[in-house]
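Before we start, here is the structure in question, set down as structure tokens.
What follows is calculated from the coordinates using simple rules that are stated; it is not laboratory data. Keep in mind that this is a model prediction, so the values were computed, not measured. Neighbour counts run over all protein chains shown; Cβ positions are idealised from the backbone, glycine included.
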Amino acid sequence: MTKLKNYAVVLKLFVLFLTFTIALSCAEKKYTVTRIEGKEIGITNKNAEVADIENFIKPYRDKIDADLNLVLANAPVTIDKTGEWQTPMGNFLADITFEKSDKVFQIREKKAIDICLLNHGGIRTIIPKGDVTARTAYEIMPFENSAIVVALKGEQILELVNYFISEKKPHPLRGLTFTISKDNQPKNIMVNGMPLVNDKIYYVATSDYLTNGGDNMNFFKKGVEKFDLDYKLRNIIIDYFKENKTITANKDIRITKEQ
Amino acid sequence: MKRRDFIQNTALTSALLGVSGLSLSSFKAANTKHLTILHTNDVHSYIDPFPPNHPKNPGMGGVARRAALIETIRKENPNVLLLDAGDIFQGTPYFNYYGGELEFKLMSMMKYDLATIGNHDFDNGIEGLYKQLPNATFEFVSANYDFKNTIMNGHVQPYKILNKDGIKVGVFGLGVGLDGLVDKRNSKETVYNDPVGVSQDMARILKHEKQCDLVICLSHIGYKYKDEPDKICDTKLATSTKDIDLIIGGHTHTFLDKPTILKNADGQDVLVNQVGCYGVNLGRIDVYFENDKTKITSGRSIIVS
């Protein structure tokens with residue numbers, strides 16, 4: 001028994017010795033980088049396809065295609081999302097979200113929406129010229145966000161305007177117009193053509209993502225009342241596509257910057 | 001039990017080394033190694049190519065083509081590391097319909113090694129991400145998201161060390177700030193920690209304690225913010241840390257003409273790359289190693305194209 005024990009100790013020591021030796025030789029194997037080459041490879045129709053991958057995707061794709069490929073409308077020109085203070089896509093989405101939310105709000109609450117504000121980052125793609133399908137709506141608005149109406153006082157509308165000026169992003173906006181002076185101050189703030197009144201309540205349609213702190217639109221947290229419309233932003237777009245054969249964006253100026 | 005296995009394995013390895021005697025000596029002959037790193041970011045559930053008439057990316061992208069390209073490269077050099085810098089989820093109906101199942105299954109078929117977690121990977125809630133884990137054969141790294149009090153606890157490592165043909169590669173992950181970006185209802189108790197401090201720790205551990213030959217930061221913090229110069233981003237991280245060799249990034253959907261070379265806090269070169277979005281590009285970084293000290297000239301050459 002003792003002999004066996006001793007043998008075990010010797011073996012353990014031997015293993016330790018070997019491990020140590022290996023560890024040392026490992027350290028010698030340390031590699032040094034001598035050269036790095038970096039590039040980007042575009043994936044185009046010149047690349048072949050792996051048939052197994054394509055076949056694997058097919059049943060998933062077929063199910064979606066059956067649902068979403070029906071042509072609902074047509075866009076005579078591409079509606080893009082470029083622009084400094086507003087974009088064609090932004091105007092389009094703010095306008096249709098305003099219109100659709102207002103209908104629901106009027107029926108449910110007997111009140112009218114004054115302003116619609118969404119976020120630029122939430123517009124995920126453009127509407128290319130040509131056929132418009134429900135798939136287009138999924139690509140513009142893939143998120144499961146829904147429309148919400150927040151009652152804001154005039155002073156929070158001013159905060160909203162200042163937020164625009166400091167963030168410098170073309171967030172979709174409808175119902176509110178203003179001018180940014182040369183020294184970056186807001187002026188001529190109008191809600192539906194009427195000057196902003198500090199203690200008046202305005203109803204602002206937006207997305208639940210933004211009322212939950214998205215894009216740091218903190219003025220929404222000061223809302224005096226909130227109405228969930230249970231209407232997904234994507235369904236607003238799909239419904240609009242279904243009801244309108246031709247899809248175009250309004251070009252009226254909402255934010256003016258003095259040069 | 002585990003310890004005994006280890007000893008037995010060690011003994012076995014030693015025995016094999018002793019018998020052949022070749023492993024060590026043959027090593028000296030092959031002292032140059034070549035590792036090819038392939039990477040994507042912000043693929044956002046884009047599985048099919050863009051249509052040929054798309055105004056921005058006509059006919060670009062597509063997973064079946066990406067898979068073919070990766071296969072070709074693997075035939076050229078089997079020593080490949082395949083990485084994704086986050087935002088795998090959200091952007092096409094594939095995600096709305098299947099919740100990320102297809103994205104993970106395809107990445108597994110392409111043999112991705114590692115991915116980091118992007119803000120949109122929380123879009124079906126942290127439970128939605130957790131639910132798809134069985135479909136992924138690859139692993140997740142994130143050093144600055146603390147998932148301790150979430151369902152993801154134990155499923156995301158700060159870093160991972162991979163042995164690629166004798167090359168020890170340490171990869172750590174970084175995620176973007178969650179406030180104002182990810183709905184709290186989705187990220188739940190996930191805690192975001194400052195990327196700079198975390199990266200310094202990670203780089204030190206990987207380069208010095210773990211003796212990695214190459215340290216990669218797989219980042220979803222964004223390449224650069226023109227309008228927010230103080231916000232942490234890949235380029236700032238590169239210049240304010242040391243011991244990181246490559247930063248492979250995502251989040252800002254940045255298309256670069258070529259990878260960026262910057263000097264780190266020690267004056268050493270760091271390569272920063274990002275390949276746009278939606279799977280229209282594949283990033284390729286070839287790294288050559290030498291272990292014969294006599295052949296190592298001072299510094300390293302970096303070629304970008």
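If you line up the long axis of helix A:154-167 against the longest principal axis of chain A, both from Cα atoms, how many degrees apart are they, to the nearest 10?
50
Now, a different point. From the backbone phi of segment A:87-94, what are the Karplus-calculated ³J(HN,Hα) couplings (6.51 cos²θ - 1.76 cosθ + 1.60, θ = phi - 60°) in whole Hz, Gly and Pro given as x?
Calculated HN-Hα couplings, in order: 10, x, 4, x, 4, 4, 5, 5 Hz.
Next up: For A:148, A:238, which order do you get if you count the other beta carbons within 10 Å of each Cβ and list the fewest first?
Values: A:148 24, A:238 19.
Ascending Cβ contact count within 10 Å gives the list A:238, A:148.
Distance in nm between label sites at residue A:69 and residue A:243, each 7 Å beyond Cα in the beta-carbon direction?
According to this spin-label approximation, the distance is 2.9 nm.
Have a look at B:45, B:108, B:199 and tell me which one the Gaussian network model of chain B (Cα, springs below 10 Å) gives the largest fluctuation.
Comparing B:45, B:108, B:199 in a Gaussian network model of chain B, the most mobile one is B:108.
What average count of beta carbons from other chains do you get within 10 Å of the Cβ of residues in B:253-259?
Working: counts 0, 0, 1, 2, 1, 3, 5.
Average neighbour count from other chains, rounded to a whole number: 2.
Within chain B, what is the longest stretch that has no trypsin sites (Lys or Arg not before Pro) placed in a DSSP loop and near at most 14 other beta-carbon atoms within 10 Å? Present the calculation step by step, with values, prior to reporting the outcome.
Working: sites that count: B:56, B:111, B:148, B:210, B:226, B:231.
That would be B:232-305.
Which whole-number percentage describes the relative contact order of chain B, with Cα contacts under 8 Å and a sequence gap of 6 or more? Can you show the working numbers first?
Numbers: 626 pairs, mean separation 60.8, N = 305.
This gives 20 percent for chain B.
At what distance in nm do the modelled label points of residue A:61 and residue A:131 sit from each other, each positioned 7 Å from its Cα along Cα→Cβ?
1.5
With +1 on each Lys and Arg Cβ and -1 on each Asp and Glu Cβ, and nothing else charged, work out how big the dipole of segment A:54-257 is about its Cα centre, in Debye to the nearest 20.
Numbers: 29 positive and 27 negative charges, 55 e Å.
That gives segment A:54-257 a dipole magnitude of about 260 debye.
Hey, got the dipole for the protein assembly as shown? About the Cα centre, +1 on K and R Cβ, -1 on D and E Cβ, debye to the nearest 20? Can you show the working numbers first?
Values: 71 positive and 68 negative charges, 294 e Å.
Dipole about the Cα centre, nearest 20: 1420 debye.
Still on this model: Would you work out if segment B:34-295 is rounded, prolate or oblate? Take a ≥ b ≥ c from the square roots of the eigenvalues of the alpha-carbon gyration tensor; rounded if a/c is under 1.5, else prolate when a/b is larger than b/c, oblate otherwise.
Verdict is rounded for segment B:34-295.
Another question about this same structure. What is the extension gain from residue B:77 to residue B:155, computed as 0.36 nm multiplied by their sequence separation minus the C-alpha to C-alpha distance, in nm to one decimal?
Working: separation 78, 0.36 × 78 = 28.08 nm, distance 3.04 nm.
Fully extending the segment from residue B:77 to residue B:155 adds 25.0 nm.
Expressed as an acute angle from 0 to 90° and rounded to the nearest 10, what is the orientation of the C-alpha long axis of helix A:2-28 relative to the principal long axis of chain A?
Rounded to the nearest ten degrees, it is 60.
What length, rounded to one decimal in nm, is gained on full extension from residue A:144 through to residue A:257, with 0.36 nm per residue of separation minus their alpha-carbon distance?
The residue A:144-residue A:257 span can extend by a further 37.3 nm.
Right, something else. Which of A:233, B:212, B:55 sits farthest toward the positive end of the charge dipole of the protein assembly as shown, with +1 on the Cβ of Lys and Arg and -1 on the Cβ of Asp and Glu?
Final value for the positive-end residue is B:212.
Between A:44, A:125, A:87, which gets the highest mean-square fluctuation from a Gaussian network model of chain A, Cα cutoff 10 Å?
Per the Cα network of chain A with a 10 Å cutoff, A:44 tops the list.
Placing +1 at every Lys and Arg Cβ and -1 at every Asp and Glu Cβ, with all other atoms neutral, what dipole size does segment B:34-295 have around its Cα centre, in debye to the nearest 20? Walk me through the numbers before you get to the answer.
Numbers: 28 positive and 34 negative charges, 73 e Å.
Here segment B:34-295 has a charge dipole of around 340 debye.
Still on this structure: Please compute the average number of Cβ atoms from other chains found within 10 Å of each residue's Cβ in peptide B:157-170.
Numbers: counts 0, 0, 0, 0, 0, 0, 0, 0, 0, 3, 3, 4, 0, 0.
Mean partner shielding for this stretch: 1.
Given contacts defined as C-alpha pairs under 8 Å and at least six residues apart, what's the relative contact order of chain A, whole-number percent? Kindly include the intermediate steps, with their values, before the conclusion.
On the way: 403 pairs, mean separation 67.7, N = 259.
The value is 26 percent.
Between the helical axis of B:2-20 and the dominant principal axis of chain B, each derived from Cα atoms, what acute angle in degrees is found, rounded to the nearest 10?
50
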